[in-house]
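The values are calculated or read from the model by the stated rules, or taken from the named source; none is laboratory data. The structure presented is a predicted model; accordingly, all values stated were derived computationally and were not measured. Positions of Cβ are backbone-derived with ideal geometry, glycine not excepted, and every protein chain shown enters the neighbour counts. We work out accessible area using only protein heavy atoms, side chains counted, and drop any ligands, DNA or RNA first. Shrake-Rupley method; radii C 1.70, N 1.55, O 1.52, S 1.80 Å.
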Amino acid sequence: MGPREAGLGGRLRELRQGSNRPREQGGSWPLQRGLCCPRRAGARSRGPLWRLCGPSAGHGQRLADARKQAARRRSPRADRRPHERDPRAHLDGDRPHRAGHVVVRPYLDGLPLDLRAGRQPSVAPWEVIARVAATVHAIDVDDIPDLGGHATRRAHALSEISVLHGVSELREAEQWALAHLPEEEPSTLVPGDLLGQNILLHWEKPLAVIDWEYATRGDPAYDMAIVTRGARRPFQIDHGLTRLLDAYATQGRPRIEASAVRLYELCLAGRWYRNALEGKGGGEPPDQSLRYVERVLRRARAASGGREQG
């Protein structure tokens, strides 16, 4: 075990030993001294449950079956045990570019990934995100029945850009996005929600990914935008987006350009602004949301001009 694994392993063992409650409690691991289990209060894990661990015949059909089971579990019945409504996805990091098979687990140990650099010993969150994203994006979507979404990256982008249409304050953002559409390249499997709370670290087991409710066919750049969200310093470090995209490229996947990520960040910011106008922004005033759109647009223009910031 190297120093990186030893640092994280020691922390996780300390957290685990600090709990005096039994490990298996209705499909969750108890909360103790900062340890967050996948099924915490007020949260719910959704989506298919599967493990990437090398080629396996029929894995696409099993993934589709798991997604259907997860949809049924979103309407819980009183006669089901808690863990039967708590799907998990298990990502085997030993085989980062191969598709796998579906497994069902009643619970899953792990510590959610903190996207803030330096918060977890010896863990570079942008490297973890890049590794997980590259693994998922390498799966053959044609082998997954009933998976919705978009056939090409450009189709996905046009669908997202529609949120910017018809609002005068978002016209410049829409024009920039339309001028920087991705190529007509085939889409990939995108989880659509690769945030830290959905990626679990473990000192002995592979990385785990939960919550596949938003999994679809789409542009891999979209997954990056969900993580960076238009922030000036993703991961609270300088050049966080650049580090993420560099780490992704080292996984053997086609490089994602910063401008492609900025396009989806603009769409996210535009959607938040529209929600604020309609009173759905969680109390955030529209003018504040609009200023955020303007900041993201400035960073998008810098990225397309070769002066990527963040």
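Observations on the structure shown:
- Extending 7 Å from the Cα toward the beta-carbon at both Glu204 and Arg301 defines two label points whose distance is 5.5 nm.
- Full extension of the chain between Leu195 and Glu183 gives 1.7 nm of extra length, using 0.36 nm per residue less the Cα-Cα distance.
- Simple spin-label estimate for Asp143 and Arg232 in nanometres, 7 Å along Cα-Cβ: 4.5 nm
- Solvent-accessible surface of the range 141-201, taken per residue with a 1.4 Å probe and all protein chains present: 44 Å².
- Gain in span if fully extended, Glu172 to Glu278, counting 0.36 nm per residue against the direct Cα distance: 36.1 nm
- Annotation: amide H-H contacts under 5 Å for Thr152 (H modelled 1.01 Å from N, sequence separation of 5 or more, or interchain): Ser187.
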